[in-house]
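Working notes for the structure below.
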Amino acid sequence: MWSNAQDDVAMHDWVRRLRAGLLVVLLGSCLGASAQRLPQPSARLAGDDAAPAEMAVSSWTRAELESWWTALRRHAAVGGDHLDLPASQLPPEAPGAWHAVELPDVRHRPGAARVGQDAGYEMRWYRLHVPAGGDQPLALYVPRLVTLSAAVLMRTERGWVPLLDNQHAEREQWVQPVWLPLPGAGERGLDLVVALPVPAGSYHVVSRLWVGPRDVLEKRWQWRVRAQTGLPQAVSLTLAVLGLFALTLWLRRPGEAIYALFALAAAAWMVRNLHYYVSPPASPGAQDWFWWATHASMGWVLLTALLFAMRFACRRFLALERLLTFSVLAVSVISMPLWLRQWDMVVLQYTVTAGVAAVGTAWVTYVAWRERRSELTVMATALIFGGLIGAHDLAVLAGWAWPEHFFLMPVATLAVMLSFLHAVQQRYVGAVEQVKAENSQLQEDLDEQVSVLQAQNAQLREVERQQALLLERQRIMADMHDGLGSALLSALVAMEQGSMSHEQCVEVLRECVDDLRLVIDSLEPVGHDLVSLLATMRYRLGKRLQTGGLKLDWDVQDLPTLAWLEPPDALHVLRLMQEALNNVLKHARASRVRLVTRHHGNYVEIRVEDDGAGFDLQTIQHGRGLKSQIKRAQRLGGKLRIDSSPGHGTRLSLRLPVERKT
């Protein structure tokens, strides 16, 4: 759990930094959007207004339009001092054909029928006159054109010469402002005509035409290109990275649907902005599908954004989610270029999308107000802002208002994505805080359990100590009863009966004292050290051996500690050695006794060797004393061996394991 919390903290930091970066991009884009409302650069050498224009309209057939485009391409390839076309395909010469026009010139997008080729085409001529003014470099700047490919002609003494043929960029013209450097006006000035063909009676937009100093207009043109094309590309690239990141998170945590929704929203936005990266296909059928995908994907962007926001509510509203999904799916299917090709579906698509946005945003706003949650409030605010921007873009798209504005949906998308990142960050902060609280509670519970266990262990140790003391008392009582007590009682009875001499009584008392000393020595803490135990025995029995005429050879080497050597075991070892030395004193008739210790890997050996008379192991009977010694050795987990022969002394060997099995 704590590892997941660390991952969540790292992700929280990543989201926080990314949100800060997106905020900088959003502020920059807002500055770009505000540029639409700034005063336009001067289009005339000494004025602040757009160049006045006159307009004439010629009705053309499709063949005449193709002839016009062919002539422009031929002139670009071959050159010449004028455009070789009949007078009907050139700007009208009759003064009555021209009339003043107030720009922007807009015809609203039709809400029903799409105008086909049967209705013909209109060539809309916009004439500009640049007064004489020296040789200062000039430029023509047209912020927005929604027409077929534009061309710019200039009148010379030999006729009309094309300065611009935009056929190569016709499919991007609606999102790319027109920029054309011009020569200086000179002493005669310049007569220019902007030729814009459109299907007869169809939707078109012609913004104001700006002619002025090149350095002044170039800044405006560059700024608009960055805001109109650079900003959507930057937003799309950012969302693509975020979408891939969200997709990897969803693959790791399939239960977190918000990551899948975020990835789908990013993918739909990429489709929505395909025209900023690739040119639309040349064939009409493929072009219809291309534009259908870009327009229909906006509804899916909005739908996935609303579903994402709704997932942060305490309770899901499945009926509303299904309704919104069905609406977007239905309009996407109906608007496919498979049927109703005579209908213009763009306004229908965005109208339905606006309706879905209004309903979904209203619901998210209501839920945010009811639940009083910061992430829902932020997302609702961003969705409201996005709805207002969407209304602006719909008006621009349909030609209802602001014909010179560019689309601001990338700005709204940035705001919505920032709100989503804020919501994800809040979720992770909440998850981390919850994990910390749970870990803290677990730590408190663990500390409490540790305290209880420590108290219980202390009680158990005290019980074990008392039990050990009781067992030790019982062992000492048993040893004294069977050993010291029995010997004293036997001596007392013998003395009362007069069957024991004074010397015998002294000997019994001396053995009782030795036995008492052994019991006391076995209780001394020797740290499981067998050598120290034997050294204590040497100190206790040294004078008695010397009195008995025995010389002790001490051949004791260092031995490993025996972890199992406790006081009861130490008493068994001492009694075995005491019994062996007593036998040497009483029966061996020896002058020297040797005590040897050796370490042999997994066992240690203690040997008691004398130079006495020895005995024949085959003829001697095993009495109670020898059997008692063998049993003591077995209790220690060791082995006792006696080797002797007449005239060659006796050797007793006790082998004890270094590690004893429990």
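Numbers for the structure displayed
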| item | result |
| --- | --- |
| Selection count where residues are under 20 Å from H275 (Cα atoms), of a type outside the set (A, V, I, L, M, F, W, C), at pLDDT 90 or above and assigned to a helix (DSSP H, G or I), scope segment 203-258 | 2 |
| Residues satisfying the stated conditions in segment 163-202, i.e. part of a helix (DSSP H, G or I) and not polar (S, T, N, Q) | H168, A169, E170, R171, E172, W174, V175 |
| Members of segment 234-270 that are among the aliphatic types (A, V, I, L, M), under 19 Å from A296 (Cβ atoms) and outside the structural domain of A313 (by TED's automatic domain parsing) | L239 |
| Positions within segment 580-595 being in contact with a strand residue (DSSP E or B) (Cβ under 6 Å, 6 or more places away or on another chain) and modelled with pLDDT under 85, in sequence order | A588 |
| All positions within segment 417-473 that are hydroxyl-bearing (S, T, Y) and either closer than 30 Å to L242 by Cβ or in contact (Cβ under 8 Å) with a residue 60 or more places away in the chain (or both) | S419, Y428 |
| Segments classed as strands (runs of 3 or more DSSP E), wholly inside segment 538-636, with at least 2 members that are under 25 Å from C512 (Cβ atoms) | 592-600, 603-610 |
| Test: D616 is more than 26 Å from A563 (Cβ to Cβ), acidic (D, E) and modelled with pLDDT under 85 | yes |
| Those residues of segment 544-578 which are over 18 Å from R598 (Cα atoms) and among the polar types (S, T, N, Q), in sequence order | Q546, T547, Q578 |
| Long-range neighbours under 8 Å by Cβ, at least six apart or interchain, first residue buried (at least 17 other Cβ atoms within 10 Å of the Cβ) within segment 69-84, second outside any helix (DSSP H, G or I) and charged (D, E, K, R) | A71/D84; L72/D165; H75/D84; H75/D165 |
| In segment 129-185, the residues that are under 15 Å from R208 (Cβ atoms) and of a type in the set (D, E, K, R) | R144 |
| Out of A132, A113, A151, sole residue that is more than 17 Å from P52 (Cβ to Cβ) and at pLDDT below 85 | A113 |
| Selection count where residues are among the β-branched types (V, I, T) and touching an Asp or Glu at 6+ places or on another chain (Cβ under 8 Å), scope segment 587-616 | 3 |
| Total residues in segment 534-575, condition within 15 Å of V658 (Cβ to Cβ) and of a type in the set (A, V, I, L, M, F, W, C) | 6 |
| Candidates D569, D558 - the one that is loosely packed, with under 12 Cβ neighbours inside 10 Å, more than 60 Å from the chain's Cα centre (by Cα) and in contact (Cβ under 8 Å) with a residue 40 or more places away in the chain | D558 |
| All positions within segment 354-386 that are of a type in the set (A, V, I, L, M, F, W, C) and touching a residue at least 40 places away in the same chain (Cβ under 8 Å) | A354, V356, A357, W363, V364, V367, L376, V378, M379, A380, L383 |
| Hits in segment 286-313 - residues which are within 27 Å of the chain's Cα centre (by Cα), among the small types (G, A, S) and surrounded by fewer than 19 Cβ atoms within 10 Å (Cβ to Cβ) | A313 |
| Search result, residues across segment 214-273 that are more than 19 Å from the chain's Cα centre (by Cα), closer than 25 Å to L329 by Cα and aromatic (F, W, Y) | W269 |
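Rundown of residues vs (1) surrounded by 12 or more Cβ atoms within 10 Å (Cβ to Cβ); (2) more than 30 Å from W174 (Cα to Cα), yes/no style:
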{"residue": "V378", "(1), (2)": "yes, yes"}
{"residue": "I389", "(1), (2)": "yes, no"}
{"residue": "W400", "(1), (2)": "yes, no"}
{"residue": "V416", "(1), (2)": "yes, no"}
{"residue": "A423", "(1), (2)": "yes, yes"}
{"residue": "Q441", "(1), (2)": "no, yes"}
{"residue": "V452", "(1), (2)": "no, yes"}
{"residue": "A458", "(1), (2)": "no, yes"}
{"residue": "V463", "(1), (2)": "no, yes"}
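Per-residue answers, yes or no, for (1) acidic (D, E); (2) on the phi > 0 side of the Ramachandran plot; (3) surrounded by fewer than 19 Cβ atoms within 10 Å (Cβ to Cβ):
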site	(1), (2), (3)
P137	no, no, yes
V152	no, no, no
L163	no, no, yes
L190	no, no, no
D215	yes, no, yes
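The values are calculated or read from the model by the stated rules, or taken from the named source; none is laboratory data. Just so you know, these numbers come straight off a predicted model, no measurement behind them. Every residue, glycine as well, gets a Cβ built from its backbone with ideal geometry; the counts of neighbours run over all protein chains shown.
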